[in-house]
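Read the structure below first, then the notes.
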Amino acid sequence: MKKLFIMMAAFSLLTFGMISCDRNDDTTDNPTNPTNPTNPTNPTDPTDPTEPTTSGFDENGASDSVFSVASGHTVHFSCGNLQYQASTGIWRFAEHQYDYIGADNANISSTYTGWIDLFGWGTSGWNSSANAHQPWATSTSYSDYNPGGSFSNNLTGSCADADWGVYNCISNGGNQAGMWRTLTNSEWNYLLFTRNASTVSGTENARFAKATIDSVNGLIVFPDSFTLPTGISVLGSSINSISAAFSDNTYTTKQWSWLESNCAIFVPVAGYRHGSSVNNVGTSGYCWSSSGNGGGAAYFVRFYSGNVSTDVDIRSLGFSVRLVKD
């Protein structure tokens with residue numbers, strides 16, 4: 001009985017610690033159309049049978065290596081896509097980089113006990129004068145997603161709290177508000193298409209490659225400095241190729257752990273949500289930036305079997321959020 005009491009007390013303290021930094025929440029409910037497809041295939045296990053000595057991330061979930069997002073400016077990526085549980089108000093990073101919620105995002109509501117990971121633009125929970133500012137917002141009207149009451153605002157400056165990472169404590173990401181943020185559109189473009197990086201498989205400035213990890217399609221982003229682990233291959237022609245197939249690079253979770261230990265980032269093709277309808281899961285990925293377009297749309301990164309690009313679409317769509325730390 002004494003042991004049971006001690007265990008219950010410890011659990012209570014742990015639970016309190018996880019939610020003690022949650023912000024006050026308010027308001028609404030209720031949220032047109034992106035696209036495209038895919039499949040998998042092949043390499044061999046590393047010749048060295050030992051486990052990686054590091055996960056590639058620190059105790060706050062920030063990548064050990066850095067990624068340039070502007071000239072002279074680097075960031076650390078988070079260890080997984082952002083997830084939220086409405087019933088407890090807890091934010092967290094996905095347990096694995098290749099994890100995503102998928103079709104269960106259709107259960108989104110203010111009382112849902114499961115996890116969601118597709119969010120309308122600027123839905124951090126900060127009451128910004130936007131009608132749809134809560135993580136569970138499902139309004140399909142883009143006019144409801146205007147932080148600070150104006151379409152000209154970005155998720156920066158006076159409206160920085162509309163950024164999920166700025167406003168919220170991430171339970172397994174340091175558990176302090178203001179530790180994380182969302183990349184701007186120009187930063188996403190620099191990261192994927194401009195920066196200088198390592199030579200991988202004969203390709204200079206290797207920035208990204210499409211891949212499949214244990215049947216999960218997604219985009220690998222290489223850090224500025226990267227060494228390919230012994231026994232792991234990346235198809236040279238797939239590196240920095242927007243038209244490459246996910247099946248060009250196929251890994252088991254064990255093989256991926258070796259790439260991850262060298263600080264490779266993986267963003268899964270988690271699909272998108274429109275209202276409470278979830279589409280393109282497993283075939284297309286969409287990640288928000290913190291940049292609006294001055295109207296009812298905002299910039300995001302899109303990747304599928306035939307393309308990798310930045311684009312704009314209406315703010316009411318539910319996209320993935322991948323945070324970074326300066």
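Taking a ≥ b ≥ c as the square roots of the eigenvalues of the alpha carbon gyration tensor, the range 227-268 is prolate, as a/c is not under 1.5 and a/b beats b/c.
Once C-alpha pairs closer than 8 Å and six or more residues apart are averaged by separation and normalised to the residue number of the range 267-326, the relative contact order reads 32 percent. Were the residues from E95 through A70 laid out at 0.36 nm apart, the gain over their Cα-Cα distance would be 6.1 nm. Using the Cβ-Cβ distance between S201 and N293 with R0 set to 45 Å, the FRET efficiency from 1/(1 + (r/R0)^6) comes to roughly 0.80.
Within the full protein context, the accessible area of R92 is estimated at about 70 Å² for a probe radius of 1.4 Å.
Counted by Cβ distance under 11 Å from A206, the other residues give a net charge of 0, where Lys and Arg count +1 and Asp and Glu count -1.
Extending 7 Å from Cα along the Cβ direction at T194 and again at T111 yields two label points whose distance is 4.8 nm. With 0.36 nm allotted per residue and the present C-alpha distance subtracted, the S158-T227 stretch has 20.8 nm of extension available. Let a ≥ b ≥ c be the square roots of the eigenvalues of the Cα gyration tensor of the range 105-205; is it rounded (a/c under 1.5), or, if not, prolate (a/b larger than b/c) or oblate? Taking the square roots of the gyration eigenvalues as a ≥ b ≥ c, the range 105-205 is prolate. Here the extension length gained between S150 and K254 equals 32.7 nm, from 0.36 nm per residue of separation less the Cα-Cα distance. Taking all protein chains into account, the per residue accessible area for the range 93-204 stands at 36 Å² (1.4 Å probe). In the range 211-326, one over the average inverse separation of all distinct C-alpha pairs is 15.2 Å, which is the Kirkwood hydrodynamic radius.
The values are calculated or read from the model by the stated rules, or taken from the named source; none is laboratory data. Note that the structure is predicted; figures quoted are calculated from it, not measured. Methodologically, a virtual Cβ is constructed for each residue, glycine included, from the backbone with ideal geometry; neighbour enumeration extends over all protein chains shown. Surface accessibility is based on the protein's heavy atoms, side chains included, excluding ligands, DNA and RNA. Shrake-Rupley method; radii C 1.70, N 1.55, O 1.52, S 1.80 Å.
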